Each structure stands twice: as C-alpha cells, then as structure tokens.
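Participant: Pasting in a structure now, in structure tokens, and then I'll have a few things to ask.
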Amino acid sequence: MLFVESRGNDGKKPVKVAFSEAILNPAASFGGLYVPESLPSLGEEFLKSSLECDYKELAFSILKSFDIDIEDELIKEALDLYDRFDDPENPVPVKKVHENLYVSELYHGPTRAFKDMALQPFGHILSSLAKRREENYLILAATSGDTGPATLESFKNRPNIKVVCLYPEGGTSDVQRLQMVTEEGKNLKVIGILGDFDDAQNALKELLASAEFRKRLNSMDIKLSAANSVNFGRIIFQTIYHFHSYLQLCRNGRISIGESVDLIVPSGNFGNALGAYYAKKMGLPVEKILIASNANNVLTELIKYGRYDLKGRSLVKTLSPAMDILKSSNVERVLFDKFGPLRTKELMEELNEKGGYSLTKEELAALREDFDADFTTDEEVREIIKEYAFEYGYLMDPHTATTIKIFKNNSGRINIAYSTAEWTKFAPAVWNALKNSDEKIGDLDALVDVAKMLNIMIPVVIEELFNKPIVHDTVVSKDEIRGEILKFLEER
Ligand SMILES: *Cc1c(COP(=O)(O)O)cnc(C)c1O
C-alpha cells in the first residue's frame, strides 16, 4: 500500500511513497500529512477469524492487511514490545464498569499512558529502518507530559536515532518530569524550558522550519524526523486496539459479531480518534465515534456546528493537560478522507491564515455520519472521578473522566470508552477530586494517600521514580535551546 499527501502534491516530492518513506520523512507537500491511498477491508469474516487471536496475532494480521513494506520478521520483533506491558497476554484489558459502559484501558505500558500503545513498537521499526539505510535521525519532541516519557522510553539506546525532548519546567506533574529526567540512554537529551508548553512547541516548530538548522544537521550527517501523531507510523498501531476492544466484548458474550457499538475517545491531537475512524472504515461495526474534550473545546464546535474557530481563543490549562490543544493535527486526515486534497488544502490554509474555517452544511452532515462530540469542565471531571471511585469502585484519571458525561447522555447503545492514562500520572488532581479539596499536594503524598484511601497499589515503575538519580538537569531559556541541542549532537 502506498501513501499520498493530504494537501496534494507540489511537483517536487514523489506523488506516492511507501510506508517506510512516510514514517522516516513524514513532512508532505504544502505542510500536509501522509495518508493511506486506500484502506484494507476487515469485515465480519475477519472479526470471526480473529476471535481466537491474542493481541499480537491480531496486530500482526491488521498490519499485514495494510500491505506495508516492512518484512514479517521486523513486524514481529516490534510487536514483541507489547511483552513489556503488565499482562503480555492481554496488554489492553477491557473492563465492565456499568451495564452499557466498558472501559478499554490503554495505559498498561511502561510509561502508564496510551502513547506507549504506538510508540513502543514504532520506535523499534523506525530505528531498524534508519540502521538499515545507514542514516542517522534526530527526533525532536515537545511534550506537555505524556509524549515525552513515551518517546524517550521507545528510543532509548536504539541505534541511528537521537532524541531531544523539550518540556515546560514546572508545567508537568512530578511523575511526568521524573519519568523524563531520570531516563538513561546515551542517545537521549531532555531539556526543561523556562516557559509553558506553547513556548516549548513554538521553539520546536521554529527549529523544524529553519533551513539553517537543517543544514547544520546535514553537515553532521543527521536528518530530522518526527515521532508525534502526524507520523502515520503511530496511527497504524492505533487502529489495532479498537478491533481488540470490540472483539473482547464478543469474546465475553456481551455482543455478537456485527452488532454496533459507540466508541468514546478523549481527544487532543485526534490520533486516537483517527485510529477509530479508520477502524470503522475498515469494517469494524461502530455506530458513532464520540469525541470527548475539555474546556479547549474546538473539536466539539467543529463536530457539532461545522466551524473550526481559533479567533479570540487562547489555550486554557485544565486538569487533563494532554488534551489542552487548539490545533488538532489529525483532523486533517479526516478532512482529506471525506473531502479530498484540494478542499483540505483550502481549509487548512484558512485555519493558518485566518484562524478558522467553516464547513458547508453537506460537509458537516458527512462528518456527523461518523462523529459526535461534547466537552467536560474541570468541575465536572472532579465530580465524575469521585462518583466513579466511591460508587462504582472504578478509579480513573482526569482524561478518562471526560468520556463519562458523553456516556451518560448516550444511553441505549453499548459504549467502549478509552482510558488513556493511569491515575498515578495525575495523582494530585485525583486526590483533590476524591477529597473534594483545592489543597496543594505533591505527587508522592497524593499517590500514597490515594492508594491508602482506596486500598490499591502504586505500580513499582511509578514508586521507584522518586529514588532514581536525576540524569538530565538542563533547564534553559527559549533562545538557548538551539545551542543546547547542537552541543548534545556534537558531543558524540
Ligand atoms: C495524548 C493523550 C490524549 C490525546 O490523544 P490524541 O491521540 O492526541 O487525541 C489523551 N489522553 C492522554 C492521557 C494522552 O496522553
């Protein structure tokens, strides 16, 4: 299968590329993204034949159906990284919480957030391809807290890849910061920025766009790549668990193959939701994909009213920071799929130049065939965490909690809600919710107290963070970032 560009072709890049090329060099013409030329068809026969498969077997057949230019051996090695999850037999447990509510837990990997689902196998594939081509890549990542740890964990000590990760000093939870600054690996550099996430992200965008910086890297024989969800190499792994979650409900007899369910996805950059959309198009029986947001509710506006409007908006900091996003990159891939490259280019240019765009009535109707959306305030998130912990014995993190309001307004059908982080990554917010208090508390105290309150364990990987030596102590201002990166690259 080949990949084309979401905003059409500029006449300089190839019109179509193979999977390996799309993931090593993910920047497409006119600032667009690579999208699959077509999708495999995996209907009821496929579901029936997958009932007896474990997660890795299912993943293997889905990846094979995309007909990517990666040989079986390498795919299998990559999928073996799911052995690092809590239960290698079933890396994604699907838990019944209510009669019609099942929660698919995507956070049982090494960094306790759903980013591991894709980044674990993806890191192995990207690094193996780079090694085989004898090319060296620099991956630059800016993180508000979950992408950073997962990217470092994925690439540490892998050949032909170096990673520099920028995080806002003081802008992440203690657990998230410790996951990064204690990460050992000669090919990793973690830099704290005196500023917020936007500053970190803008610094990164400037570097990625700088011809001079690229030239400097070229002189060191290093190319730039990206490991965020604009890279299709992540999206492909994010189609799998939607099939798995559905099959789990079939396996335990809750539904029969062919019956429709709704999927509720806590969304930021729309990678998880895009995986659900592709799964639906490939034949998974999904009625609606319900997009959950926080107060940064651009996606709710788009899906309910057909307008993407950034004018007069600024980013609101919420209890679910991984969803504090205004420009949601992967929406573009849905626009391409529904309206084609010319219209996608037009809409994306309007967004960049005028701060917004409006869909036509027909376009909105087409979007609403697959999606609906709503958002949840921090106040509601806290009430939901408390209610579910004490009344239903189910503890969730603030991102996962944004799915519940949608579930409550969506009675009738069977819902699969995705849990994208373990509570341990956001322990102070969870503690505040359970205690109904605004008191400031550190991560460690909150972890210990919540565990005691609910009689649960703190996972070892989280607990031991507090005793690990700090290996990255660089904290710099915005204009020192470039110099720090070059220094790191020149050291070896
Ligand atoms: C990254 C992340 C999200 C958002 O996922 P997208 O694929 O970017 O929409 C939601 N919750 C958590 C905890 C995350 O880390």
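Participant: Taking every eigenvalue of the Cα gyration tensor of the stretch 64-124, multiplying by 5 and rooting it, what semi-axes result, largest first, whole Å?
Facilitator: Those come to 26, 14, 10 Å.
Participant: Go through L129, N25, Y278 and say which Cα lies farthest out towards the positive end of the charge dipole of the chain; charges sit on Cβ, +1 for Lys and Arg, -1 for Asp and Glu.
Facilitator: After comparing all options, I get N25.
Participant: So who's got an amide H within less than 5 Å of the one on Y137, skipping anything under 5 residues away but keeping other chains? H placed 1.01 Å off N, in plane.
Facilitator: I161, K162, K223
Participant: Here's something else I'd like to know. Along the positive direction of the dipole of the stretch 370-476 (beta-carbon charges: Lys, Arg +1; Asp, Glu -1; about the Cα centre), which of Y418, G393, I462 reaches farthest?
Facilitator: Result: G393.
Participant: If the cut-off is 14 Å between C-alpha atoms, which aspartates and glutamates fall inside it for K56, apart from same-chain ones fewer than 8 positions away?
Facilitator: Within the straight-line limit of under 14 Å, K56 reaches these aspartates and glutamates: D72, E73, E77, D80, D83, D87, E89.
Participant: How large are Rg and Dmax for the stretch 410-492 when only the alpha carbon atoms are used, in Å?
Facilitator: Final numbers for Rg and Dmax: 19.5, 60 Å.
Participant: With +1 assigned to the C-beta of every Lys and Arg and -1 to the C-beta of every Asp and Glu, and no other charges, what is the dipole magnitude of the chain about the Cα centre in debye, to the nearest 20?
Facilitator: My answer is approximately 900 debye.
Participant: Here is a further query. Taking H as built 1.01 Å from N, whose amide H comes closer than 5 Å to the amide H of T474, not counting residues under 5 places away?
Facilitator: Answer set, sorted by chain and number: G192.
Participant: Give the lysines whose C-alpha is closer than 29 Å to that of K440, dropping any in the same chain fewer than 8 places away, or say none.
Facilitator: K115, K317, K386, K405, K425, K452, K468, K478
Participant: Sticking with this structure for a sec: Along each of its three principal axes, how wide is the spread of alpha-carbon positions in the stretch 246-295, in whole angstrom units, largest first?
Facilitator: 37, 21, 15 Å, listed from the longest principal axis down.
Participant: Per q in 0.14, 0.21 Å⁻¹, report the Debye log10 I(q)/I(0) for the stretch 51-164, using one uniform scatterer on each alpha carbon and no solvent.
Facilitator: -0.65, -1.22
Participant: From the C-alpha gyration tensor of the chain, pull out the three semi-axes of the equivalent ellipsoid (sqrt of 5λ each), sorted largest to smallest, in whole Å.
Facilitator: Gyration-tensor ellipsoid for the chain: 31, 28, 24 Å.
Participant: Shifting gears a bit: Whole-Hz ³J(HN,Hα) for each residue in the stretch 97-103, computed from phi via Karplus 6.51 cos²θ - 1.76 cosθ + 1.60 with θ = phi - 60°, x for glycine and proline: what do you get?
Facilitator: With the stated coefficients, the stretch 97-103 comes to 10, 9, 3, 10, 10, 10, 10 Hz.
Participant: In addition: At 222 nm, what helix-only mean residue ellipticity would the chain give, in deg cm²/dmol to the nearest 500, using -39500 (n - 2.57) for each DSSP H run of four or more?
Facilitator: It lands at -13500 deg cm²/dmol.
Participant: Okay, moving on. Taking the mean number of other Cβ atoms within 10 Å as a proxy for protection, how do you rank 232-240, 464-472, 336-344 from highest to lowest?
Facilitator: Sorting 232-240, 464-472, 336-344 by mean packing, highest first, produces 232-240, 336-344, 464-472.
Participant: Round to the nearest 0.05 the FRET efficiency obtained for E490 and M1 when R0 = 60 Å and r is the Cβ-Cβ distance.
Facilitator: The computed FRET efficiency comes out at 0.95.
Participant: Can you give the FRET efficiency to the nearest 0.05 for C53 and K215, using r as the Cβ-Cβ distance and R₀ = 45 Å?
Facilitator: Once the sixth-power term is evaluated, E becomes 0.40.
Participant: Go ahead and run the numbers for FRET between E135 and K311, Cβ-Cβ distance against an R0 of 35 Å, rounding to 0.05.
Facilitator: 0.25
Participant: What is the extension gain from K13 to H98, computed as 0.36 nm multiplied by their sequence separation minus the C-alpha to C-alpha distance, in nm to one decimal?
Facilitator: Going from the current span to full extension adds 25.5 nm.
Bear in mind that the values in this text are calculations on the coordinates, not laboratory data. Predicted model, so just to flag it, every value in this text is computed and none were measured. Backbone-built Cβ (ideal geometry, glycine too); neighbour counts: all protein chains shown.
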